[in-house]
1. Exactly one condition in (1) within 15 Å of the ligand (Cβ to nearest atom); (2) under 21 Å from Asp8 (Cα atoms) is not met by Arg93; state its number.
2. List pairs: first residue in region 147-170 and of a type outside the set (Ser, Thr, Tyr), second residue in a helix (DSSP H, G or I) and open to solvent by 60 Å² or more (accessible area, probe 1.4 Å) anywhere in the structure, Cβ distance under 7 angstrom, at least six positions apart or on different chains.
3. State whether the residues of region 48-64 include one that is more than 25 Å from Lys152 (Cβ to Cβ) and more than 14 Å from the ligand (Cβ to nearest atom).
4. Out of the residues in region 138-158 that are under 14 Å from the mean Cα position of the chain (by Cα) and either open to solvent by less than 90 Å² (accessible area, probe 1.4 Å) or over 16 Å from Ser114 (Cα atoms) (or both), state the one that is farthest from the ligand (Cβ to nearest atom).
5. So Gly23 fits all but one of (1) more than 18 Å from Val104 (Cα to Cα); (2) more than 13 Å from the ligand (Cβ to nearest atom); (3) not charged (D, E, K, R); what number is the exception?
6. Based on this model, can you work out whether Asp113 counts as free of Cβ contacts under 8 Å to residues at least 12 places away in the same chain and in contact with an Asp or Glu (Cβ under 7 Å, 6 or more places away or on another chain)?
7. Would you check which residues across region 1-20 are charged (D, E, K, R) and either within 15 Å of the ligand (Cβ to nearest atom) or in contact (Cβ under 8 Å) with a residue 24 or more places away in the chain (or both) and list them?
8. When you scan region 70-174 for helices (runs of 4 or more DSSP H) that lie fully inside it, which ones turn up with 3 or more residues that are in contact with a helix residue (DSSP H, G or I) (Cβ under 8 Å, 6 or more places away or on another chain)?
Amino acid sequence: MQRVTLVDVFKHRITQKYLQRSGIHHAVTVAGHAFDLALKAEVDPDLATKAALLHDMGHYEWYRDGKWDYEEYRKHDIHAIKGAERAHKLLIRLGEDRLVAKEVSLAVLLHTDSYLPFELEGKRTKLQEVVRKADEIDEQPLGMHHYKKMDKSVAIQLLNELDQKVEVILDDQV
Ligand SMILES: [Fe+2]
C-alpha cells in the first residue's frame, strides 16, 4: 500500500479548513520537532509526524471584542477530543491504514491533559509522549504560537522535505 504522505494530509480540504484556526505554522513546526524526537525515542516517524501535524485540528476560535480570549477559550476547551475524531475521519478518507489512523487519533486525543480532570503524566505511550513534547517545544504564553504565519506553499515545501526524511527511515526498516 502506498504511504499517505504529510503533503496528502495537508492538502485535503478538511485539513485546510481546520488548520487555519490553530495555525499552519504551529502544525508544521510541531511535525518537524516530532520527527526529531521520534528518531531519538525510536518511535515510528510516520505516525509521529502525522499526529503532530494534526494535533490541534480540533481547535475553534473564541473571540471576544474581536480578539481571541484565551482564558475563556481554555474553560470550554475540548479541542483534543474534536481533533482526534477529525484526524481519524480525515485519515480514513485518505485511505490510511486503520491501525495507523487509530494510533494517530489517540496521540491527538492525549497530546494534552488540559481538558481532563486528571493528569496523564507517566501514562502516555512513547508515540503520545513524542507528540506532547513536540507541541510543548513550540508553545508560547497565551497561545501566541497559534498566531504565527506561514504561507501554504512554504508549508507544502517543508512537509515534502519531512516526507522524504520519513521515507528514508521507513525504507531502512524494510
Ligand atoms: Fe499545539
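1. Every condition holds for Arg93 apart from (1).
2. none
3. yes
4. The selected residue is Ala155.
5. (2)
6. So Asp113 fits the description; yes.
7. Once the filter is applied, which keeps residues that are charged (D, E, K, R) and either within 15 Å of the ligand (Cβ to nearest atom) or in contact (Cβ under 8 Å) with a residue 24 or more places away in the chain (or both), region 1-20 yields Arg3, Asp8, Lys11.
8. Filter on region 70-174 gives 79-93, 98-109, 126-138, 152-173.
The values are calculated or read from the model by the stated rules, or taken from the named source; none is laboratory data. Computed from a predicted model, the values in this text were never measured in an experiment. Positions of Cβ are generated from backbone atoms using ideal geometry, with glycine treated the same way; all protein chains shown enter the neighbour counts. What goes into the accessible areas is simple: the full protein's heavy atoms, side chains included, and nothing from ligands, DNA or RNA. Shrake-Rupley method; radii C 1.70, N 1.55, O 1.52, S 1.80 Å.
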